[in-house]
There are 2 protein chains.
Amino acid sequence: MADHLPQLELGNQLCFALYRASRAAVRAYGPVLGELGITYPQYLVLLVLWEADEPMSVGAIGEHLHLDSGTLTPLLKRLQDQGIVTRERDPDDERRVLVAPTAAGRAMRKRAATIPAEVSQQYGVAVSDAVDLIAEIHKIADAIEGTVDA
Amino acid sequence: MADHLPQLELGNQLCFALYRASRAAVRAYGPVLGELGITYPQYLVLLVLWEADEPMSVGAIGEHLHLDSGTLTPLLKRLQDQGIVTRERDPDDERRVLVAPTAAGRAMRKRAATIPAEVSQQYGVAVSDAVDLIAEIHKIADAIEGTVDA
DNA sequence: CCAGAGAAGATCGTGTACAATATGATTGTC
DNA sequence: GACAATCATATTGTACACGATCTTCTCTGG
């Protein structure tokens, strides 16, 4: 009845490997980020804001993370409710909303600096080993997004 | 003010690469799976059921996909509402719920057989190139889950 | 000037994820 | 053979993702 269709096996599917590994990795951040009271996507937003070091529009944040306003707007409101970021209409263009970390949000950066090392050590994946892999995965993401988004 | 902390850069983080690529890949399946009226996680459940070719408990499905009942129960109910699977208590152990594809669910397998090729061709990632990468990503997922789950 | 096109966010609806808790069934032990 | 521990699933609550639509604001050609 069930002739073997190897292309339908889970183990042969890149997408499933990514899906599984992504969820596992995000879960691994859970406890550490829990100390800071934030989630992984919220942490990603903060990484972008810290790096930019100036107020950013919702759209600009979304370009870095490949997320749209449907995801970011409620997430940013939660960060605002926690006093971690501010959200203000851009006086120069009232369509835009500028997001910036508060003093409390900036202060979290020092604690966060040790997080990647903590987690990847817990992984058992050496940071140096990961460099090539990271590049390769981004290359694939580029290829996929080139055909899907755009 | 913002001294450069390279470990906090998005581009250096394996987790973000996985997170981004996973979402992109799942999105790429969207249109094709939309024809079948199912989502990507629902498709994964069907892959498992087709492969097993016999009724499976919720827990057994979850072991293959690394998902728990909190995610699977509502997902399976939606598949049941669409007439794609059946859900029945196991007479031998009333704690268990056995899930099996209906005739309609089994019929979807033929259409599905071409999906991975369609999507990965759209990716621009040759299936043969992906084999090593898939193995490497699963190895990382294993390592992470070994420290987080279990 | 001003209508319409387009941009930027916000909102809505659906479907995951996942931690925490609840519920009912089974099992090992005395 | 009660019964506490354990197991399998369900439920609840919170937070993403994302397609689709809506609102407001800006810009541009006539």
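The values are calculated or read from the model by the stated rules, or taken from the named source; none is laboratory data. Only a predicted model underlies this, so the values are computations on that prediction, with no experimental measurement involved. Methodologically, a virtual Cβ is constructed for each residue, glycine included, from the backbone with ideal geometry; neighbour enumeration extends over all protein chains shown. These area figures cover heavy atoms from the full protein model, side chains too; ligands, DNA and RNA do not enter into them. Shrake-Rupley method; radii C 1.70, N 1.55, O 1.52, S 1.80 Å.
Some points to look at:
- Close contacts from region A:10-23, counting a first residue that is open to solvent by 10 Å² or more (accessible area, probe 1.4 Å) and a second that is not in a helix (DSSP H, G or I), with Cβ to Cβ under 6 Å and a gap of 6+ residues or different chains, come to A:Arg20/B:His66.
- Residue check, B:Leu49 on the phi < 0 side of the Ramachandran plot, within 17 Å of the chain's Cα centre (by Cα) and buried (at least 18 other Cβ atoms within 10 Å of the Cβ): yes
- Given (1) within 16 Å of DNA strand C (Cβ to nearest atom); (2) open to solvent by 30 Å² or more (accessible area, probe 1.4 Å), number of the condition B:Ala141 does not satisfy: (2)
- Inter-residue pairs, beta-carbon under 8 Å, first more than 7 Å from chain A (Cβ to nearest Cβ) and in region B:131-146, second of a type outside the set (S, T, N, Q), 6+ apart: B:Gly146/A:Gly124
- Some residue of region A:53-67 being touching a Leu at 6+ places or on another chain (Cβ under 8 Å) and among the acidic types (Asp, Glu): no
- Subset of region A:124-138 (residues that are among the aliphatic types (A, V, I, L, M), in a helix (DSSP H, G or I) and either within 27 Å of A:Glu35 (Cβ to Cβ) or open to solvent by less than 70 Å² (accessible area, probe 1.4 Å) (or both)): A:Val127, A:Ala130, A:Leu133, A:Ile134, A:Ala135, A:Ile137
- Region B:61-71, subset among the hydrophobic types (A, V, I, L, M, F, W, C) and facing chain A (nearest Cβ under 9 Å), residue farthest from B:Ala104 (Cα to Cα): B:Leu67
- For B:Asp68, the requirement of being within 16 Å of DNA strand D (Cβ to nearest atom) and either loosely packed, with under 13 Cβ neighbours inside 10 Å or of a type in the set (D, E, K, R) (or both) is met.
- A:Gly11 vs. criteria in a loop (DSSP other than H, G, I, E, B), away from DNA strand D (no atom under 13 Å from the Cβ) and over 19 Å from the mean Cα position of the chain (by Cα): no
- The condition (being at pLDDT below 95 and either more than 16 Å from DNA strand C (Cβ to nearest atom) or surrounded by 16 or more Cβ atoms within 10 Å (Cβ to Cβ) (or both)) is satisfied by just one residue among B:Leu5, B:Leu44: B:Leu5.
- If only residues of region A:24-60 that are within 7 Å of chain B (Cβ to nearest Cβ) and among the charged types (D, E, K, R) are counted, the one that is nearest to B:Gln42 (Cα to Cα) is A:Arg27.
- Filter result (within 13 Å of another protein chain (Cβ to nearest Cβ) and open to solvent by less than 30 Å² (accessible area, probe 1.4 Å)) within region B:84-104: B:Ala100, B:Pro101
- Here the helices (runs of 4 or more DSSP H) wholly within region B:38-123 that include at least 1 residues being without any contact (Cβ under 8 Å) to a residue 24 or more places away in the chain and under 26 Å from B:Ala141 (Cβ atoms) are B:40-52, B:58-65, B:69-81, B:115-123.
- Note on region A:106-119: among residues that are surrounded by 17 or more Cβ atoms within 10 Å (Cβ to Cβ) and within 17 Å of B:Leu10 (Cβ to Cβ), the one that is nearest to the other protein chains (Cβ to nearest Cβ) is A:Pro116.
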